Amino acid sequence: MQYGQFDLQNREYVITNPATPSAWANYLGSPEYGAIISNNAGGYSFVKSGANGRILRYRFNSVTSDQPGRYIYLRDAESGDFWSGSWMPVGKPLDTYASECRHGTAYTVIGSEYSGIKTETLYYVPLDATHEVWRLRVTNTGDKARKLAVTGYCEFTNDSNYEQDQVNLQYTLFITHTYFKNNFILQKINENFNDPRKERFFGVAGAEVSAYCGDRDKFVGSYRGYHNPAGITDGLKNELNYNGNSCGALQSDITLAPGETKEIIYILGAKPEAEAAELVAAYKQPGRADAELAELKRFWHSKLNNLQVNTPDEKFNNMVNVWNAYQCFITFIWSRAASFQYCGLRNGFGYRDTVQDIQGIIHLAPDLARKQIEFMLSAQVSNGAGLPLVKYNHTPGKEDTPDDVSYVKETGHPSYRADDALWLFPTIKKYIDESGEISFLDEEILFADKEEKASVYEHLKRAIQFSLDNLGSHGMPAGLHADWNDCLRLGKLGESTFVLFQFFYALRILKDYAALKNDTDYAAFLDKAIADVDGKINGFCWDGDRWIRGFREDGVVIGKRGDPEASMWLNPQSWGVISGASSPERGAATMDTVYKELNTPYGVMLMYPAYQKHAFPGALAVCFNKGIKENAGIFSHSQGWAILAEALLGRGGRAYEYWREASPATYNEDADRRVLEPYAHGQTVEGRDSPFAGRAHVHWLTGTASTVMVGTVEGILGLRPAPDGITVNPSVPGEWKDWSMTKKLRGKTLNIKISNPAGRESGVKAVTVNGQKLDGIFIPDTALKDENDVVIEM
């Protein structure tokens, strides 16, 4: 079933049936103030941290799902009939209630029409602000005057810490007190401390407050819910909480003439009384919300404009131009901090997650990417490893590490991971290639644990040394606590072929940088290391038509042909190609085996067959049902690598097939199967062994956004910048005969037209730039003007 459609012109996804199979969400805000909102106005807000900065309460995984939220109730004074501006929570019958939700870039608009009243509510966080705005426009579409009670409602948390608020009730039920201050509810937490950082507010501008409530239990009433709260059916009674649960409810009684529209603005945030009063007053200014929305659109659309494509596939265009790109920014900002599945307990940035997330925005915002790369380099330990979890209050030079009991106790991470620092290599390479800033290698940055600065180049050398200092029985990198796959514990002697390919790729990248820096001795060392690793790859890891997954600590092979379980793994095959370690013949052979043994109509399974009876102690995936997550599920993060590997092999048809299988947009007309949003990637999809194959889980905050974007941009589109130019070498389905894209590179615009009359999947015959045919396919910076017409003939 289809519940909505893409609107590419307005860069929105429009939901016209609100009864979606799950809460379809959008993100608002910035690292300073975040908010998540569903198509039915459910969701929550927080300052900086979903774990320690929670403002609004939300009940995860509940039977009455997607509640509470940012609710606006309307009650007809004459009939007593009431409804909500979003379909939920009241839930009027859809044969009498019309709903439309438009999710955009950092804003959401929810419209309704019921009983002759039309509403439109705009939800957003102004750019660089630490508060949110709900702008309601309510219109009388009938032919007689209407008297309405309009009530905005939110449920505050009693403590900023999510666990304290939800679990430690013997404490948190006795620390809050609400006050009414003319046009806003003020909540104070631990008010005896007189701490302005523990004050929140919910206010209204554009209408007088007729009644109010600051007590959640009085608002809802006994044995009621948000669908029929006493504060709406009976009217608010000007009650406030002292202990118990806080809320903000503000009622405005209005009269609308036929055809008349009135605007009411609600403002929410964590600010002390004086600042709250000033902010609420500021929104009495006409046009402020429109100006702030326009500013938001300009900001986000300017980022998205750095790459726009026009291919024969509209879903591809929508994902590349808007939704995959925007999701990359959201994961870049929020990592895995807060969603409808991530409840806010991860109080920091995962090292590998964040360094990979950066890759998804480099082609759109290299300046933002650089700042985050610098931050993550400052979270690299002086021994070369990355801190598994980088705290939000990270202090470079002064951090504990997994070698310290204090770090393990605070973060729950007892050991280093084999892959963390190796992600720096492709990420830094992509940044330098996009920006042209080779000098970035010389920038000096502190290590996490020592007040010692070192160049970026030295940081990369330390990462190589960490891998060399942690080798297993065959001289391959040890798997340690995890090697990207958190459900595969290989220990200090077990070895990972996946990490071996990463290591090979890192050595190749660093060798190029050593040559740039005339570091001849180290370049010679890297040449020897590359040859040594190549020998281990082909000597220990080849198994006829696949690369093995690695070795257990007892030397037993993981991922061998003929094994009853887990005989075939995706990541070694894709990374054999990506790293350049696989020969063209072996690369094609391994990826053919992937297609034969792992592919499904909904994506490529991470491995197969599932663990059930033959799991070894480090195969933690056996804890999951077969066909989900790491146990033979379609772990979506890996899909981008499969796309990129096939594109690098020149097999555009298969790369595009994998893209379509992985893309949420593919399932827009089959949304009940997928369940999650058709505009945002999820973490995992149920695989072949599940009775619900194709059902997706864990929305939005996933590395899938970044890996699929990289696979699409570098692989299918073939956009591969270098510090002194760019190569455009697409790998596409043969039916794409003529298409185009616009790419902005270092202040220059490339208007690229691709001509493919023979229907080839890859291979460039000729490149013309501004009317001049080039020798070869590389486009040097010297051939480019501010505005350029580029023709690629396949």
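Would you call residue 438 among the β-branched types (Val, Ile, Thr), at pLDDT 95 or above and open to solvent by 60 Å² or more (accessible area, probe 1.4 Å)? Criteria met by residue 438. Using the structure shown, decide if residue 661 is acidic (Asp, Glu) and under 16 Å from residue 324 (Cβ atoms). So residue 661 passes the test. Screening residue 65 on (1) open to solvent by 50 Å² or more (accessible area, probe 1.4 Å); (2) small (Gly, Ala, Ser); (3) within 32 Å of the chain's Cα centre (by Cα); (4) modelled with pLDDT of 95 or more shows it passes everything except condition (4). Meeting the requirement of 2 or more residues that are closer than 18 Å to residue 111 by Cβ, the strands (runs of 3 or more DSSP E) wholly within the range 1-62 are 4-7, 12-15, 25-30, 33-38.
Check the range 366-377 and report whether any residue there is in a loop (DSSP other than H, G, I, E, B) and without any contact (Cβ under 8 Å) to a residue 12 or more places away in the chain. Taking every residue of the range 366-377 in turn, none turns out to be in a loop (DSSP other than H, G, I, E, B) and without any contact (Cβ under 8 Å) to a residue 12 or more places away in the chain.
Taking residues in the range 172-198 that are closer than 16 Å to residue 244 by Cβ and touching a residue at least 40 places away in the same chain (Cβ under 8 Å), and partners anywhere that are aliphatic (A, V, I, L, M) and open to solvent by 50 Å² or more (accessible area, probe 1.4 Å), the pairs with Cβ atoms closer than 7 Å and at least 6 places apart or on different chains are 178/240; 179/240. Going through the range 500-516 one residue at a time, which ones are open to solvent by 80 Å² or more (accessible area, probe 1.4 Å), more than 25 Å from residue 549 (Cβ to Cβ) and touching a helix residue (DSSP H, G or I) at 6+ places or on another chain (Cβ under 7 Å)? Selection gives 516 alone.
Would you check if residue 358 is at pLDDT 95 or above, part of a loop (DSSP other than H, G, I, E, B), out of contact with any His (no Cβ under 9 Å at 6 or more places or on another chain) and of a type in the set (A, V, I, L, M)? When the stated conditions are applied, residue 358 does not pass them. Count of the range 638-673 residues, restricted to those that are open to solvent by less than 10 Å² (accessible area, probe 1.4 Å) and either closer than 26 Å to residue 488 by Cα or polar (S, T, N, Q) (or both), is 10. Taken over the range 163-206, the criterion of being surrounded by fewer than 23 Cβ atoms within 10 Å (Cβ to Cβ) and hydroxyl-bearing (Ser, Thr, Tyr) is satisfied by 171, 172, 179.
Determine which single condition residue 571 fails, assuming it passes every other condition in (1) outside any loop (DSSP other than H, G, I, E, B); (2) more than 22 Å from the chain's Cα centre (by Cα); (3) not aliphatic (A, V, I, L, M). Only one criterion is unmet by residue 571, namely (2). I'm trying to understand the selection: among the residues of the range 561-576, which are in contact (Cβ under 8 Å) with a residue 60 or more places away in the chain and out of contact with any Lys or Arg (no Cβ under 9 Å at 6 or more places or on another chain)? Passing the criteria: 570, 574, 575.
Residues in the range 408-426 that are of a type outside the set (A, V, I, L, M) and buried (at least 21 other Cβ atoms within 10 Å of the Cβ): 416, 417, 419, 420, 423, 425. Screening 149, 129 for residues that are surrounded by 16 or more Cβ atoms within 10 Å (Cβ to Cβ) and under 15 Å from residue 85 (Cβ atoms) leaves exactly one candidate, 149.
Of all residues in the range 487-499, those being touching a helix residue (DSSP H, G or I) at 6+ places or on another chain (Cβ under 9 Å) and either open to solvent by 10 Å² or more (accessible area, probe 1.4 Å) or of a type in the set (S, T, N, Q) (or both) number 4.
The values are calculated or read from the model by the stated rules, or taken from the named source; none is laboratory data. The structure displayed is predicted, hence computed values, not measured ones. Positions of Cβ are backbone-derived with ideal geometry, glycine not excepted, and every protein chain shown enters the neighbour counts. All accessible areas refer to the heavy atoms of the entire protein, side chains included, with ligands and DNA or RNA removed. Shrake-Rupley method; radii C 1.70, N 1.55, O 1.52, S 1.80 Å.
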